[in-house]
Amino acid sequence: MRADGRMPDQARPIRIETDFVHTAAGSCLIATGNTRVICTASVEESVPAWRRGSGQGWVTAEYAMLPASTGTRKKRDGVTKDGRGVEIQRLIGRSLRQAVDMRLLGERTITLDCDVLEADGGTRTASITGSMVALACAVDKLMRDGKLKVSPIVHQVAAVSVGIVDDVPCLDLCYREDSRAQVDMNCVMNECGAFIELQGTGEGRAFTPEELAQLTAYGRQGIDALMRAQREALGGRASVIGTRPVLIAATGNAHKLAELQHIFGEFYTVASMQDVGFDQEIDENADTFAGNAAIKAEAVCAATGLPTVADDSGLTVDALDGEPGVYSARYCGHHGDDEANNDKLLQKMEGVEDRSAAFRCAIALKRPGKPTLIAEGACPGVILHARRGTGGFGYDPLFLYEPLNKTFAEVTAEEKNAISHRARASARMLEMLREENP
């Protein structure tokens with residue numbers, strides 16, 4: 001048994017109270033045993049000068065122990081902080097930056113302030129764990145206020161102390177143990193079990209690889225419990241902690257965004273290129289659907305550094321040697337005039353017996369450091385002599401899908417999504433992703 005009656009692998013009780021400071025964008029009071037820390041998150045719509053123009057945000061931290069936080073009064077930090085405080089706040093900042101994709105945060109700064117009310121060991125690890133909760137609360141508020149469309153939090157982070165006391169590896173040291181520990185170690189980890197920081201020092205003696213393995217196993221055990229406590233304290237707000245990477249869709253079409261989220265939701269959270277500040281014109285100058293899709297995906301990925309999906313689609317008519325093809329949207333000479341495009345198609349098909357055609361789609365997925373994946377799909381049909389149906393868009397009123405004996409302007413959205421060229425290309429892309437991630 002330890003000084004406070006715990007077993008070696010037993011952590012102190014953890015309590016987290018969110019919204020402890022109502023004037024902060026996010027806050028909590030965290031208690032691990034008798035250690036208590038107020039963690040707040042403040043948001044500024046700017047970044048440090050060296051970060052401006054990058055399109056990326058910044059996360060930083062400050063740490064202080066209040067005068068009565070220890071047994072004897074501690075002097076307040078003045079203009080110059082003590083070396084220990086500076087080292088700890090740098091650790092907190094480094095740790096929480098690993099939780100955030102700065103590109104999704106945009107050019108804003110989140111400052112995490114950690115003020116120790118009572119110190120009984122583990123103040124730095126409690127500060128990191130509590131700051132994660134305050135950060136999530138602040139991001140949830142930014143999203144509810146409409147300032148963020150996609151959460152920039154891509155990892156959950158927590159920290160705990162471990163050490164060797166009287167030759168026994170122990171989890172979550174209180175002050176009496178910490179002050180005489182032979183080995184003192186702090187573990188900072190993410191939800192994947194990967195280390196963000198591991199600070200271990202042989203204060204009284206060196207430690208063996210076997211003891212290191214035991215300490216890190218205790219650290220993982222303690223952090224698992226802390227992460228459960230974080231999520232329980234956050235409740236519904238825990239949804240801002242991403243479990244899937246973000247995929248940028250090279251489109252501004254809300255309907256297509258929803259469709260892509262449905263398709264790729266197994267692997268990604270889909271956001272539009274506008275959500276990450278991409279507003280450049282892309283010159284789609286390829287002569288194939290696959291080529292244009294790749295151009296768009298690669299341009300947005302290069303600019304944002306994020307995985308990007310793009311598609312290009314259109315109609316090909318056999319008797320017209322594949323026209324209108326990549327010019328489907330501007331067949332009449334200018335972009336987006338569906339009526340004029342259909343009129344031109346009917347004119348060119350006058351007297352033509354072979355009415356076979358197909359809607360075709362190519363989907364490109366570009367990820368940093370990986371080759372561009374291309375998946376293609378086609379839906380065969382015939383071109384009618386006159387329009388039928390009032391739904392859909394583009395060439396849908398002239399395109400008859402023979403198995404249903406309906407034009408794409410007559411089918412329901414559910415029917416179209418099951419048979420369309422985009423649905424078939426998407427299914428192939430998912431096959432390719434599953435082959436990569438069996």
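Quick note: the coordinates plus some simple rules give every number you see, no bench work behind them. The shown structure was predicted, so the numbers you read here are calculated from the model rather than taken from an experiment. Glycine also receives a Cβ, built like all others from the backbone with ideal geometry; neighbour counts cover every protein chain displayed.
Can you pull the percent of Cα pairs in region 246-436 with separation above 22 Å? If you can, show how the numbers build up before the last one.
Numbers: 8542 of 18145 pairs.
Summing the P(r) tail past 22 Å for region 246-436 gives 47 percent.
Along each of the three principal axes of the Cα atoms of region 297-372, give the extent in whole Å, ordering the values from largest to smallest.
Cα spread of region 297-372 along its principal axes, largest to smallest: 51, 23, 13 Å.
Take MET143, MET432 and order them by how many other Cβ atoms sit within 10 Å, fewest up front. Intermediate values should be presented prior to the final figure.
On the way: MET143 17, MET432 13.
Ordered from fewest to most neighbouring Cβ atoms within 10 Å, MET143, MET432 come out as MET432, MET143.
Return the single residue from PHE393, PHE359, PHE408 with maximal mean-square fluctuation; model: Gaussian network over the chain, springs between Cα atoms under 10 Å.
Greatest mean-square fluctuation among the candidates belongs to PHE393.
What net charge is computed for the residues neighbouring GLU118, neighbours being all others with C-beta under 14 Å from the C-beta of GLU118, Lys and Arg scored +1, Asp and Glu -1?
Here the charged neighbours net out to +3.
Taking 0.36 nm per intervening residue step and subtracting the Cα-Cα distance, what contour gain separates PHE393 from TYR327 on full extension?
On the way: separation 66, 0.36 × 66 = 23.76 nm, distance 1.55 nm.
Gain on extension, PHE393 to TYR327, equals 22.2 nm.
Would you mind telling me which residue in LYS75, LYS149, LYS141 has the biggest mean-square fluctuation in a Gaussian network model of the chain, where springs connect alpha carbons within a distance under 10 angstrom?
LYS75
Check each of the GluC sites (Glu not before Pro) in region 45-123 and keep only those in coil by DSSP with at most 15 other C-beta atoms within 10 angstrom; list them in order. Write down the numbers at each step before the final one.
Working: sites: GLU45, GLU62, GLU87, GLU107, GLU118; in loops: GLU45, GLU107.
Sites meeting the loop and neighbour criteria: GLU45.
Between region 381-438 and region 47-125, how many Å separate their Cα centres?
For region 381-438 versus region 47-125, the Cα centre distance is 53 Å.
Looking at the chain, how many pairs of lysines come closer than 23 Å at the Cα, when each pair is eight or more places apart or spans two chains?
So the count works out to 14.
Would you mind checking the radius of gyration and Dmax of the chain based on alpha-carbon positions, in Å?
Considering the chain through its Cα atoms, Rg and Dmax are 28.8, 98 Å.
Helix-derived [θ] at 222 nm for the chain: sum -39500 (n - 2.57) over DSSP H runs of at least 4, divide by residue count, nearest 500?
Values: 10 runs with 132 residues, N = 438.
Value at 222 nm, helices only, nearest 500: -9500 deg cm²/dmol.
With labels modelled as points extended 7 Å from the Cα through the Cβ direction, what inter-label distance (nm, one decimal) is found for LEU433 paired with PHE195?
Spacing of the two 7 Å Cα→Cβ label points: 3.3 nm.
Please name which of THR123, VAL157, ILE110 has its Cα lying farthest along the dipole of region 88-166 towards the positive end, using unit charges on Cβ (Lys, Arg +1; Asp, Glu -1) and the Cα centre as origin.
It is ILE110, whose Cα lies furthest towards the positive end.
Quick one: which residues, 5 or more positions from GLU62 or on another chain, have an amide H under 5 Å from its amide H? H modelled 1.01 Å from N in the peptide plane, none for Pro or chain starts.
It is LEU112, ASP113, CYS114, by chain and number.
Test of understanding: in a Gaussian network model of the chain with alpha carbons linked when under 10 Å, which of LEU66, LEU91, LEU226 would top the mean-square fluctuation ranking?
Largest GNM mean-square fluctuation: LEU66.
Local charge sum around PHE278 (other residues, Cβ-Cβ under 11 Å, Lys/Arg +1, Asp/Glu -1)? Walk me through the intermediate numbers first.
Details: positive: ARG103, LYS296; negative: ASP275, ASP279, GLU281.
Net charge in that neighbourhood comes out at -1.
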